[in-house]
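Novice: I'd like to ask some things about the structure below.
The values are calculated or read from the model by the stated rules, or taken from the named source; none is laboratory data. Just so it is clear, the structure is predicted and the values come from calculations on it, not from any experiment. Cβ placement follows ideal geometry from the backbone for every residue including glycine, while neighbour counts extend to all protein chains displayed. We work out accessible area using only protein heavy atoms, side chains counted, and drop any ligands, DNA or RNA first. Shrake-Rupley method; radii C 1.70, N 1.55, O 1.52, S 1.80 Å.
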Amino acid sequence: MAELDHIVFACPDVDEGTRIIHDLTGATAVVGGPHVGRGTHNTLLTFDDRTYFEIIGSDPDQPEPERARGFGLDDLDGPKLVAFAVHTIGDETLDDLAQVVRDAGFDPGTHMAMSRMKPDGVLLEWELTAGGDTGVRLEGGIPFAIDWLGGPSPAASLPSMGSLVRLSVTNPDERVGTALTGLGLSDSVEFILGPANLTVTIDTPNGIVELS
């Protein structure tokens, strides 16, 4: 049904988050770009040509947004894995993925169109599901979904941080596991019943690294 698209590491300061990841992995994230009107920007690394790692934080070069920044950034105390995304594959649509989440007993949120200008001047556009029980809700247990609208994933052109060993989703609600299975993520995402948390294990140039 879906594939893991990217993992979100939120930081009060993107430069600090980029340094943290470099010190841990030996890989230097590259600038992604600003999310205009959202008050955020990011740097990026990749695992392969389909799945990448996003370091996101408040953008000091943008005015205060009209609504709260995404991923709980306005209330964030320190760097933290906060969410992950899946993308559509084959003929599946965002509506199809939303229905799987709904069937498991959760609110999949609503569709939103977004874009950002890459450093090379190319406009990147996508659609995603946002809000509801996805993203940072439920401590990141339910992924949001993204559709790159036929364009290449950003993952294909980013520097590597190593290989993704596993993404572990721990949550006290068994229905989270049902949703992940329904999305077809059993091979790439491990579900653990317990206190809510996200943990990613990466085989990096500096060895095995775990982030949560």
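Novice: Check segment 111-122 and report whether any residue there is within 19 Å of residue 95 (Cα to Cα), hydrophobic (A, V, I, L, M, F, W, C) and in contact (Cβ under 8 Å) with a residue 60 or more places away in the chain.
Specialist: Applying the first criterion (within 19 Å of residue 95 (Cα to Cα)) to segment 111-122 yields 111-114.
Now narrow it down to the ones that are hydrophobic (A, V, I, L, M, F, W, C): 112-114.
From the residues that got through so far, the ones that are in contact (Cβ under 8 Å) with a residue 60 or more places away in the chain too are 114.
Checked against the condition, which is being within 19 Å of residue 95 (Cα to Cα), hydrophobic (A, V, I, L, M, F, W, C) and in contact (Cβ under 8 Å) with a residue 60 or more places away in the chain, segment 111-122 yields at least one hit.
Novice: Here's something else I'd like to know. Could you tell me how many of the residues in segment 174-203 are surrounded by fewer than 17 Cβ atoms within 10 Å (Cβ to Cβ), hydrophobic (A, V, I, L, M, F, W, C) and under 16 Å from residue 81 (Cβ atoms)?
Specialist: Within segment 174-203, residues that are surrounded by fewer than 17 Cβ atoms within 10 Å (Cβ to Cβ), hydrophobic (A, V, I, L, M, F, W, C) and under 16 Å from residue 81 (Cβ atoms) number 2.
Novice: Also, quick follow-up: Name the single residue that is farthest from residue 199 (Cα to Cα) among those in segment 1-42 being open to solvent by less than 50 Å² (accessible area, probe 1.4 Å) and polar (S, T, N, Q).
Specialist: 40
Novice: Cβ-Cβ distance below 7 Å, separation of 6 or more or different chains: which pairs start in segment 53-70 with a residue that is under 28 Å from residue 160 (Cα atoms) and modelled with pLDDT of 90 or more and end on one that is assigned to a loop (DSSP other than H, G, I, E, B) and open to solvent by less than 10 Å² (accessible area, probe 1.4 Å)?
Specialist: 53/161; 55/11; 57/11; 58/39; 59/39; 69/39
Novice: Collect the residues in segment 43-80 that are within 15 Å of residue 5 (Cβ to Cβ) and either in a strand (DSSP E or B) or not hydrophobic (A, V, I, L, M, F, W, C) (or both), keeping them in residue-number order.
Specialist: 44, 45, 46, 48, 49, 50, 51, 52, 53, 54, 56
Novice: Answer yes if at least one residue in segment 204-211 is within 25 Å of residue 25 (Cα to Cα), open to solvent by 10 Å² or more (accessible area, probe 1.4 Å), outside any loop (DSSP other than H, G, I, E, B) and in contact with a Pro (Cβ under 8 Å, 6 or more places away or on another chain), and no otherwise.
Specialist: No, that holds for no residue.
Novice: Moving on. Taking interchain pairs and intrachain pairs at least six residues apart, which have beta carbon atoms under 7 angstrom, with the first residue in segment 33-50 and closer than 24 Å to residue 204 by Cα and the second open to solvent by 50 Å² or more (accessible area, probe 1.4 Å) and of a type in the set (Asp, Glu)?
Specialist: 50/3
Novice: Looking only at segment 99-118, count every residue that is buried (at least 18 other Cβ atoms within 10 Å of the Cβ), touching an Asp or Glu at 6+ places or on another chain (Cβ under 9 Å), hydrophobic (A, V, I, L, M, F, W, C) and not in a loop (DSSP other than H, G, I, E, B) and tell me the total.
Specialist: So in segment 99-118, the residues buried (at least 18 other Cβ atoms within 10 Å of the Cβ) come out as 100-101, 104, 106, 108-109, 116.
With the extra rule that they be touching an Asp or Glu at 6+ places or on another chain (Cβ under 9 Å), the set shrinks to 101, 106, 108-109, 116.
Next, from what is left, pick out any that are hydrophobic (A, V, I, L, M, F, W, C): 101, 106.
Restricting the remaining residues to those that are not in a loop (DSSP other than H, G, I, E, B) gives 101.
Looking only at that region, the number is 1.
Novice: OK, next. Quick one: how many residues across segment 10-42 are hydrophobic (A, V, I, L, M, F, W, C), over 14 Å from the mean Cα position of the chain (by Cα) and outside any helix (DSSP H, G or I)? Step through it out loud before you land on a result.
Specialist: In the first step, residues of segment 10-42 are kept if they are hydrophobic (A, V, I, L, M, F, W, C); the result is 10-11, 14, 20-21, 24, 27, 29-31, 36.
Next cut, over 14 Å from the mean Cα position of the chain (by Cα) only: 14, 20-21, 24, 27, 29-31, 36.
Still in the running and outside any helix (DSSP H, G or I): 27, 29-31, 36.
Selection size over segment 10-42: 5.
Novice: Shifting gears a bit: Which of the residues spanning segment 144-165 are farther than 18 Å from residue 30 by Cβ, open to solvent by 70 Å² or more (accessible area, probe 1.4 Å) and of a type in the set (Gly, Ala, Ser)?
Specialist: The one that is farther than 18 Å from residue 30 by Cβ, open to solvent by 70 Å² or more (accessible area, probe 1.4 Å) and of a type in the set (Gly, Ala, Ser): 150.
Novice: With respect to residue 90, determine if the residue is at positive phi and open to solvent by less than 60 Å² (accessible area, probe 1.4 Å). I'd like the intermediate steps shown before the answer.
Specialist: Numbers: at positive phi: yes; open to solvent by less than 60 Å² (accessible area, probe 1.4 Å): no.
In short, no.
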